[in-house]
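What follows draws every value from the coordinates through simple rules; no lab data is involved. Quick caveat: nothing in here was measured; it's all calculated off a predicted structure. Cβ sites come from the backbone with ideal geometry, for glycine too, and all protein chains shown count toward neighbours.
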Amino acid sequence: MAKKEDLRKGLNSLLKDIEKKSSVEKKDVVKKLSNTVAFVSIDKIEFNPFQPRNQFNETELNELVESIKSLGLIQPVTVRSVGGDKYQLISGERRLRASRKAGLKEIPAYIRIADDQAMIEMALVENIQRSDLNPMEIAFAYQRLIDECKLTHDKVADRVGKNRSTVTNYLRILKLPPTIQSGIKEELISMGHARSLAGIDDSVLQLKYYNDILEQHLSVRALEKKISTQNKKTETIDDQPEKVDPKVKAVVNKLRNFFDSKIELKRNSAGKGQISIKFNSDDELNDILEKMGII
C-alpha cells in the first residue's frame with residue numbers, strides 16, 4: 001500500500017499545475033506518464049463523451065465483472081488529467097463499468113495529457129485496435145477520425161496500422177441501406193458479405209442479395225459468384241456489334257474484376273477505340289489509381 005501511496009504522490013506532483021508548465025516540461029511529464037501505470041480512485045474518473053462504442057453485451061460485461069472479482073483488472077484503462085485529482089476516460093469504458101459493478105475502489109490506469117481532439121483520436125484508435133468492435137462500429141470510428149480529427153484516408157490507415165483499401169472498404173459499408181447496416185451490426189452477415197454488397201450501385205439489388213444471404217445462407221464466395229453470374233447476364237459493351245469478340249469480353253471482365261468498377265470499351269471496325277473506367281467519388285478514384293500503382 002505504501003508503494004501505491006508513493007506512486008500517487010509522485011503523480012500528483014507531476015500533474016500539479018500542468019497547464020502552467022512550459023511545452024518542454026509538459027513533454028517531460030508525458031514521457032514519464034507514458035511508462036507509468038497508476039492506481040486511480042474509480043470515483044475520480046468520468047466517462048468519455050466521445051466514446052465510439054455505445055452498446056455493451058450484458059452477458060460479456062457480467063463475465064468481465066466476475067473475472068475482475070477473481071483476478072482484479074488486468075488491463076489498465078487510459079485516462080487524461082482534467083485538473084486536480086479528476087480524470088476523464090480515454091479508452092476502457094467496458095473495463096471501467098465492470099470494475100464499478102465489481103465494487104473496486106481504484107483501478108490501474110495510464111494517465112495522459114491531451115486536448116479534446118487528441119483525446120478523440122486516441123480513444124478511437126485504441127478502441128479500433130484493442131476492442132472487439134463490430135464492422136459498423138469500426139466504420140463509424142474511421143468516419144469520426146476523418147470528420148472530427150480531420151484525417152485523410154491515408155492518415156487513418158497509418159494511425160490504425162491498416163492498408164488504405166481496408167479503411168476505404170469499411171467506409172463504403174456506411175453507404176449501405178439501414179436494413180443491411182443493422183444486419184451487419186447484429187452479425188447476421190459478415191464483413192465479407194458487406195463488402196460485396198457495397199460494390200453494387202443499386203440499393204434495390206443490394207437488398208435483394210441481402211435477403212438471398214439470409215434466406216439461402218449464402219457464404220461470401222457463393223454471394224460473389226451469384227453477383228458475378230448476374231453481372232455477366234446484364235453487362236453490355238457500348239458501340240459493339242451484336243456478336244462481341246470473346247477475347248474483348250474477356251479483357252473487359254478482367255478489368256472490371258481488377259478495378260471493381262464499371263469499364264466501358266469502345267472500338268470501331270478498324271480497331272481504334274478507348275477504354276474508360278467509371279468512378280463515383282474521390283475515394284473510388286484513389287482506389288483505382290492505387291491499383292494502377294500511380295499513388
Net charge, V156 excluded, C-beta distance under 9 Å - Lys, Arg +1, Asp, Glu -1: +2
Cα shape, the stretch 133-254, gyration tensor, a/c 1.5 rule: oblate
Ranked list, fewest to most other Cβ atoms within 10 Å of each Cβ, for Y210, Y142, Y110: Y110, Y210, Y142
Residue-by-residue Karplus 3J(HN,Hα) for the stretch 165-177, coefficients 6.51, -1.76, 1.60, Hz, glycine and proline x: 5, 5, 4, 4, 4, 5, 5, 5, 6, 5, 8, 6, x
Karplus 3J(HN,Hα) series, Hz, for the stretch 271-288 with 6.51 cos²θ - 1.76 cosθ + 1.60 (x for Gly, Pro): x, 7, x, 8, 10, 10, 10, 8, 9, 10, 7, 4, 5, 5, 4, 4, 4, 5
Relative contact order of the stretch 130-266, pairs being alpha-carbon contacts under 8 Å that are 6 or more residues apart, as %: 17 percent
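Between rounded, prolate and oblate, where does the stretch 122-201 land on the alpha carbon gyration tensor, with a ≥ b ≥ c its root eigenvalues, rounded for a/c under 1.5, else prolate if a/b exceeds b/c?
Prolate shape, in that a/c is at least 1.5 and a/b is the bigger ratio.
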Proximal lysine pairs, the stretch 80-163, alpha carbons under 29 Å, eight or more residues apart or interchain: 4
Long-range HN-HN contacts of R112 with modeled amide H, under 5 Å: V79, R80, S81
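Tell me, F50, F56 in order of fewest to most beta-carbon neighbours within 10 Å?
Final ranking by Cβ density, sparse to dense: F56, F50.
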For I68, net neighbour charge (Lys/Arg +1, Asp/Glu -1) across residues whose Cβ lies under 13 Å away: +3
Burial order of peptide ranges 253-263, 85-95 (average beta-carbon count within 10 Å, highest first): 85-95, 253-263
Ascending count of other beta-carbon atoms within 10 Å, so fewest first, for V82, V125: V82, V125
